[in-house]
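Step one of this worksheet: look at the structure below.
Derivation of every value follows stated rules applied to the coordinates shown; laboratory data play no part. Everything numeric in this text was worked out from a predicted model, so none of it was measured. Backbone-built Cβ (ideal geometry, glycine too); neighbour counts: all protein chains shown.
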Amino acid sequence: MMMEYSQTVSFVWHGQQKKYGKVWVVAPDGQRSAMSHRITLRETIEFFPVDFPVEGVHAYASTGTPADCVRFGILNIVKEKPDYVFSGINYGYNSGTDIQYSATVGSALEAACAGVHAIAFSEGASECHEGDRRLP
């Protein structure tokens, strides 16, 4: 199982990772909203191990996009092809036309392109989401 995105702490099931197998987190080192399915071709990307607050979880951060994290994670970091990729949880909704811009959805599509089952999670938990603004 591989997870993506910097908000994954809330998604690793408090001790349940042992029940479901090995958990790998390969996530951007910061916010990457609206990156869609962008991969990096002409720039240097770094991947580095990081401490993760849940025992037994292997975690890496990256200067790349969410799709870069999934692609590189599947091909180079995770020892065996993962059974699943869980992408998200990001701030804001991924619904309607937002889906075409969503890096959460784009990284799940990258996993699917690699032949790995994927799920993209989102939640309307942002104070800055444009859908939350009210017209005067």
Quickly work out the residue 42-to-residue 63 label distance, labels modelled 7 Å from Cα along the C-beta direction, and quote it in nm with one decimal.
1.7
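For the stretch 25-129, what percent of Cα pairs sit more than 18 Å apart?
Above the 18 Å cut-off, the stretch 25-129 has 46 percent of its Cα pairs.
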At the level of C-alpha centres, the distance separating the stretch 52-77 and the stretch 24-44, in angstrom, is 10
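If you place +1 on the Cβ of every Lys and Arg and -1 on the Cβ of every Asp and Glu, how big does the dipole about the Cα centre of the stretch 48-125 come out, in debye to the nearest 20?
On the way: 3 positive and 8 negative charges, 40 e Å.
It comes to approximately 200 debye.
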